[in-house]
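Okay, so here's the structure we're looking at.
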Amino acid sequence: MDESDHSARIRSHRLAEPVYAENFSDSHPPLSHNQALVESDRCYFCFAAPCIQACPTQIDIPSFIRKIATGNLKGAAHDILQQNIMGAVCARVCPTEVLCEGACVRNHQDHKPVTIGALQRHATDHVLDGNIQLFSRAPETGRRVAVIGGGPAGLSCAHRLAMLGHQVTVFEARTKLGGLNEYGVAAYKVTNAIAQREVEYLLQIGGIEVLLGQRLGRDLALPQLRRDYDAVFLAVGLGGVNALGVDEQQLSGVLDAIGYIEKLRQTRHLSDLPVGRSVVVIGGGMTAIDIASQTKRLGAEDVTIVYRRGPASMGASAKEQTWAQTSGVRIKHWARPMRVIGQGGALSAVEFEYTRADERGGIIGTGDRFTLPADMLFKAIGQVLVSDGLDSGGELLELNGTRIAVDDERKTSLDGVWAGGDCVAGGKDLTVAAVEDGKQAAHSIDRALRTVRK
Ligand SMILES: Cc1cc2nc3c(=O)[nH]c(=O)nc-3n(C[C@H](O)[C@H](O)[C@H](O)COP(=O)(O)OP(=O)(O)OC[C@H]3O[C@@H](n4cnc5c(N)ncnc54)[C@H](O)[C@@H]3O)c2cc1C
Ligand code: SF4
């Protein structure tokens, strides 16, 4: 096979135009008014409700569901958004099966939890669609805070600080706010430009200046920001990707999943995206599920995820694994890549070795090998922190492993610098966890600014 054959195998317009719209339509369509009433009636309004503890932002779930049941959607949305200002996107992207819905006592009875995510969407869509503002700013404090990164962590922090009366500047490297809500999460989870609609909604509180195309380490320096602002919140996410650990030989067709997903999320016409006939994905988390499911839905014929351990060790929940499988994706467990095989500079196959667990919980190769034909190979084996710009004029920003070390209040080792979201150690790498970090950091910054005189 020469390179021209290969580019013929990776091509756009594989499907009829209406099929793209169908394949990428809302994966969980909204509840109707009546469905929401019936569903809200299933809640037992438990005392010390376990769902509240299971939500990283501690939304008072029984309270908002009771308000939906009585027709008070605005009150329900207030309960949600005061804890989680990105409650509309979270309602769509949270793996509720392992969070709030996983803890619902109904699981022990009829095995069907209350659909908390869908009810949350019902209430938050009401205020976003009607542009009903629920929060206002406290009197100006005269304090200024720099937020670096306009993803869920940065925006949540900015909104809460603005609410508390501080003046915030968000410095964002890209041309749009939203972080991975806008550039990463699977397209069928966040239809109808919900990520941008939520950003617009939350910025309306006022007091938040947004500077796009501003990258820390290129256009901004941490020592200068620390001098110019009363506090700095770092929310830069994880901008780098892990290497595969095999010789990738610079073959065309070997790609990083995040880069491709970003293109998919930003393209105007999904049919323009070139996709291979045979796609292999290496990884076991949400990114692996998303790239596999989406390339299948773009018209790839065979899509296989290969993961080095068993299903229970995958970062993606059982529900997400099932979603990929029902999209037509094959998941092959207990195998690791050994070699990418190319012809004429283009990928043609990937060779794997079967694996098994060893006595100490690690994995070892069994020596048995197999080969999968592939014209696209996606690396989905996790992201890493890009540390450019994180030094502060000789002062050390402490890391914990490969991410920024923070205490319970999200304070870093540098005075006046907080951090949160995916870039910090010990997090859950979920949108809702990033929102919680931003909120907690905002309260900690607020406390610090109120105790320190200007
Ligand atoms: C493919 C994929 C799918 C996912 N799906 C889900 C899902 O379905 N559900 C879920 O809960 N979670 C999901 N996640 C995880 C979730 O998206 C993240 O946990 C969340 O976005 C983290 O928020 P953050 O604000 O910390 O980082 P990000 O969302 O990454 O935002 C960081 C922001 O900082 C900006 N930035 C980076 N470097 C700089 C710099 N030097 N200077 C200025 N700005 C900078 C970036 O451009 C970006 O806007 C997914 C992640 C991926 C990769
Ligand atoms: S934010 Fe997520 S985890 Fe929390 S209640 Fe809503 S859907 Fe559940």
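The values are calculated or read from the model by the stated rules, or taken from the named source; none is laboratory data. Everything quoted here is computed from the prediction, not taken from an experiment. So basically every Cβ, Gly included, is an ideal-geometry build from the backbone, and we count neighbours across all protein chains shown. Please note that ligands, DNA and RNA were not included when accessible areas were found on the heavy atoms of the full protein model with its side chains. Shrake-Rupley method; radii C 1.70, N 1.55, O 1.52, S 1.80 Å.
List the residues of the stretch 56-83 whose backbone N lies under 12 Å from a point placed 7 Å from the Cα of LEU37 along the Cα-to-Cβ direction.
69-72
Which residues in the stretch 387-420 place their backbone N less than 11 Å from a point set 7 Å from the Cα of ALA221 along the Cα-to-Cβ direction?
392-394, by backbone N distance to the label point.
What nm value, rounded to one decimal, do you get for the distance between ASN192 and ARG268 when each label is placed 7 Å out toward the C-beta?
Between ASN192 and ARG268, the simple spin-label model gives 2.3 nm.
Using Stokes-Einstein with the Kirkwood hydrodynamic radius over Cα pairs, what translational diffusion coefficient do you get for the chain at 10 °C and a viscosity of 1.306 mPa s, in µm²/s rounded to a whole number? Walk me through the numbers on the way to the answer.
On the way: Rh = 23.4 Å.
In µm²/s, the coefficient is 68.
Counting only the heavy atoms of the protein chains, how much of MET163 is accessible to a 1.4 Å probe, in Å² to the nearest 10?
50 Å²
Leaving ligands, DNA and RNA out of it, rank THR371, THR175, THR191 by accessible area with a 1.4 Å probe, largest first.
In descending accessible area the options line up as THR175, THR371, THR191.
Have a look at VAL241, LEU396, HIS111 and report the one farthest towards the positive end of the charge dipole of the chain, computed about the Cα centre with Cβ charges (Lys/Arg +1, Asp/Glu -1).
Of the options given, the answer is HIS111.
I want to check the label-to-label distance for SER313 and GLU97. Put each point 7 Å from Cα in the C-beta direction and report it in nm to one decimal.
The two pseudo-label positions are separated by 2.1 nm.
Largest first, how would ASP230, ASP247 line up by accessible area (1.4 Å probe)? Provide the component values of the computation, followed by the final result.
Numbers: ASP230 60, ASP247 110 Å².
From most exposed to least exposed: ASP247, ASP230.
Using just the helices of the chain, give the 222 nm mean residue ellipticity in deg cm²/dmol: DSSP H runs with n ≥ 4 each add -39,500 (n - 2.57), and the total is spread over all residues, rounded to 500. Provide the component values of the computation, followed by the final result.
On the way: 17 runs with 157 residues, N = 454.
About -10000 deg cm²/dmol.
In debye to the nearest 20, how big a dipole does the stretch 191-322 give about its Cα centre with +1 on each Lys and Arg Cβ and -1 on each Asp and Glu Cβ? Provide the component values of the computation, followed by the final result.
Values: 14 positive and 15 negative charges, 38 e Å.
Charge dipole, the stretch 191-322, about its Cα centre: 180 debye, nearest 20.
For the stretch 19-32, in order, what is each residue's ³J(HN,Hα) by Karplus, 6.51 cos²θ - 1.76 cosθ + 1.60 with θ = phi - 60°, in whole Hz (x at glycine and Pro)?
5, 4, 4, 5, 5, 10, 6, 3, 6, 9, x, x, 6, 6
With only alpha-carbon atoms counted, please give the Rg and Dmax of the stretch 36-105, in Å.
Values for the stretch 36-105 (Cα only, Rg and Dmax): 11.2, 28 Å.
Positive end of the charge dipole of the chain (Lys, Arg +1 and Asp, Glu -1 on Cβ, about the Cα centre): tell me which of LEU216, GLN294, ILE132 has its Cα farthest that way.
Positive-most Cα among the choices belongs to ILE132.
Two-decimal Rg/Rh of the stretch 57-162 from alpha-carbon positions, Kirkwood Rh? The partial results should precede the final answer.
Values: Rg = 15.5 Å, Rh = 15.0 Å.
Rounded to two decimals, Rg over Rh is 1.03.
How large is the convex hull of the C-alpha atoms of the stretch 278-434 per residue, in Å³? Kindly include the intermediate steps, with their values, before the conclusion.
On the way: hull volume 26.5 nm³, N = 157.
Hull volume normalised by residue count: 169 Å³.
Placing +1 on the Cβ of each Lys and Arg and -1 on the Cβ of each Asp and Glu in the stretch 80-192, which of ASN181, ILE148, GLY102 has its Cα farthest towards the positive end of the resulting dipole?
Toward the positive end, the furthest listed residue is ILE148.
In whole percent, what relative contact order does the chain give with Cα contacts below 8 Å and a gap of six or more residues?
Values: 938 pairs, mean separation 83.9, N = 454.
Reported relative contact order: 18 percent.
For GLU359, GLU101, give the ranking by accessible area with the largest first, probe 1.4 Å.
On the way: GLU359 165, GLU101 25 Å².
Ranked from most to least accessible, the order is GLU359, GLU101.
Please report the antiparallel percentage of DSSP beta bridges with both residues in the chain, rounded to the nearest 5.
Values: 23 of 58 bridges.
Here the share of antiparallel DSSP bridges comes out near 40 percent.
May I ask you to give the solvent-accessible area per residue for the chain, in square angstrom, as obtained with a 1.4 angstrom probe? Walk me through the numbers on the way to the answer.
Values: 19820 Å² over 454 residues.
It amounts to 44 Å² per residue over the chain.
What three numbers, in Å, describe the spread of the alpha carbons of the stretch 139-219 along their principal axes, ordered from the longest?
42, 30, 15
HN-Hα J couplings of the stretch 167-184 from phi, Karplus 6.51/-1.76/1.60, θ = phi - 60°, integer Hz, Gly and Pro as x?
9, 10, 10, 9, 9, 10, 5, 7, 8, 9, 7, x, x, 6, 4, 8, 10, x
Just to compare against my own numbers: the Cα pair-distance distribution for the stretch 161-288, 5 Å bins, whole % per bin, please.
2, 7, 15, 17, 17, 14, 12, 8, 5, 3, 1
Mind grabbing the accessible area of SER12 for me, 1.4 Å probe, Å², rounded to tens?
Approximately 40 Å² of SER12 is accessible to the 1.4 Å probe.
Give the shape of the stretch 245-326 as rounded, prolate or oblate, defined through the alpha-carbon gyration tensor: a ≥ b ≥ c are the square roots of its eigenvalues, a/c under 1.5 means rounded, and otherwise the shape is prolate if a/b is larger than b/c and oblate if not. Let's see the in-between values first.
On the way: a/c = 1.82, a/b = 1.23, b/c = 1.48.
Note, shape of the stretch 245-326 comes out oblate.
Which value, in debye to the nearest 20, describes the size of the charge dipole of the chain about its Cα centre when Lys and Arg Cβ atoms bear +1, Asp and Glu Cβ atoms bear -1, and nothing else is charged?
Details: 49 positive and 52 negative charges, 127 e Å.
Taking the Cα centre of the chain as origin, the dipole is about 600 debye.
Shape verdict for the stretch 380-454, please, from the Cα gyration tensor: rounded (a/c under 1.5), prolate (a/b greater than b/c) or oblate.
Values: a/c = 2.69, a/b = 1.31, b/c = 2.06.
Since a/c reaches 1.5 but b/c is at least a/b, the shape of the stretch 380-454 is classed as oblate.
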